[in-house]
1. Select from region 203-242 the residues that are within 18 Å of ALA109 (Cβ to Cβ) and among the charged types (D, E, K, R) and list them in ascending order.
2. Using the structure shown, decide if ASP230 is among the charged types (D, E, K, R) and touching a strand residue (DSSP E or B) at 6+ places or on another chain (Cβ under 6 Å).
3. Name, by its number, the condition in (1) out of contact with any strand residue (DSSP E or B) (no Cβ under 6 Å at 6 or more places or on another chain); (2) assigned to a loop (DSSP other than H, G, I, E, B); (3) open to solvent by 30 Å² or more (accessible area, probe 1.4 Å) that does not hold for PRO96.
4. THR181 - would you say it is closer than 29 Å to PHE294 by Cβ, touching a Lys or Arg at 6+ places or on another chain (Cβ under 7 Å) and open to solvent by 20 Å² or more (accessible area, probe 1.4 Å)?
5. Scanning region 12-25 for residues that are of a type outside the set (D, E, K, R) and under 11 Å from ARG226 (Cβ atoms), which turns out most open to solvent (accessible area, probe 1.4 Å)?
6. I need a count of the residues in region 30-84 that are open to solvent by less than 30 Å² (accessible area, probe 1.4 Å), of a type in the set (A, V, I, L, M, F, W, C) and outside any strand (DSSP E or B).
7. Any chance you could count how many residues in region 99-110 are in a strand (DSSP E or B) and closer than 30 Å to ASP291 by Cβ?
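The values are calculated or read from the model by the stated rules, or taken from the named source; none is laboratory data. Every value quoted in this text rests on a predicted model; they were computed, and no experiment measured them. Every residue, glycine among them, receives a Cβ derived from its backbone with ideal geometry; neighbour counts consider all protein chains shown. Please note that ligands, DNA and RNA were not included when accessible areas were found on the heavy atoms of the full protein model with its side chains. Shrake-Rupley method; radii C 1.70, N 1.55, O 1.52, S 1.80 Å.
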Amino acid sequence: MDMDFLSPADTVTELKESGEGAMKASLGKGMPKGFEVGYGSFTINGRLLGSGEPVRVKQGERVLFHVLNGSATEIRSLALPGHTFTVVAMDGNPIPKPVSVPGLWLGTAERISAIVEMNHPGIWIMGDTADDDRQHGMGIVVEYAAQSGKPQWIAAPKFHWDYTQFGSAGGAVPAPDQVFTMTFAKDNAALGGFNRWTINGVAFSEEHMHPMFRVEKGKRYRLRMRNASDDIHPVHLHRHSFELTRVAGRPTSGVRKDVVMVGGYQEMEVDFVADNPGLTLFHCHQQLHMDFGFMALLEYA
């Protein structure tokens, strides 16, 4: 899976040195690299590419696609040859202004609503940009009326995914009442060959289920997330939406989500208002990471 698609690509030297140092020490002790999950097939709407009904369209139509990455562990891309996607909402929240992009990138559990203008007649494959995954099912046919022939795929030019393009550059955001710093780290192959994941040095488990942060209703909080691993983490805050305020050092505003990808060795800041009292779970939506410690609880005072 491509891990070089996020922009800005700026990394934090301190985080990189910490993560790479920990990995080097682990491998130096003879530890293998932590286990990952592989897949033999992929589907869109439960069907392998070519197995289900096509998306039937007419020239001149504007089609609204609601796209959900339902994978348990993988980041997904999506492109439609000869067409662009005009993003209008992310995770169910309208963005400040529609933005046209050549394709989509979605972390685990992210949702994007985008309009495609059907102005390039043919029979096309809308699918993942990764050839192997698309050939193993990750695609769907888009068929124009009165067109015939085999579905075609034309590789999309490489494109990067920049959350800040969907917001207001440098837009002012209210000052938070409190900032919570969260550092994500990986203990390579520490649990039966699987990686153990920690937030501020603690791996969530049956023994460590105590709330890590406390909030008060009505106050605004900033999560300053620091990723000391080379993995991209699609992090999720339950029961709330948050506003992106800084992405890899670049200020932004206006984009409200509940899942966002934090790049390897990068920092990201998001703000949320504590408006839904009760225990609230924060976690990486990558199932392996969640299962092996990457979670934390917030509680209301």
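1. Answer for region 203-242, where residues must be within 18 Å of ALA109 (Cβ to Cβ) and among the charged types (D, E, K, R): ASP231, ARG239.
2. Working: among the charged types (D, E, K, R): yes; touching a strand residue (DSSP E or B) at 6+ places or on another chain (Cβ under 6 Å): no.
Taking the combined requirement at face value, the residue does not satisfy it.
3. Among (1) out of contact with any strand residue (DSSP E or B) (no Cβ under 6 Å at 6 or more places or on another chain); (2) assigned to a loop (DSSP other than H, G, I, E, B); (3) open to solvent by 30 Å² or more (accessible area, probe 1.4 Å), PRO96 violates only (2).
4. So THR181 fits the description; yes.
5. Among those residues, the one meeting the criterion is SER18.
6. Final tally of qualifying residues: 3.
7. Total satisfying the criteria: 3.
For every residue, the table says whether it meets (1) closer than 30 Å to ALA22 by Cα; (2) hydrophobic (A, V, I, L, M, F, W, C).
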| residue | (1), (2) |
| --- | --- |
| VAL141 | no, yes |
| GLN147 | no, no |
| LYS150 | no, no |
| TRP153 | no, yes |
| TYR163 | yes, no |
| GLY171 | no, no |
| VAL179 | yes, yes |
| LYS186 | yes, no |
| GLY201 | yes, no |
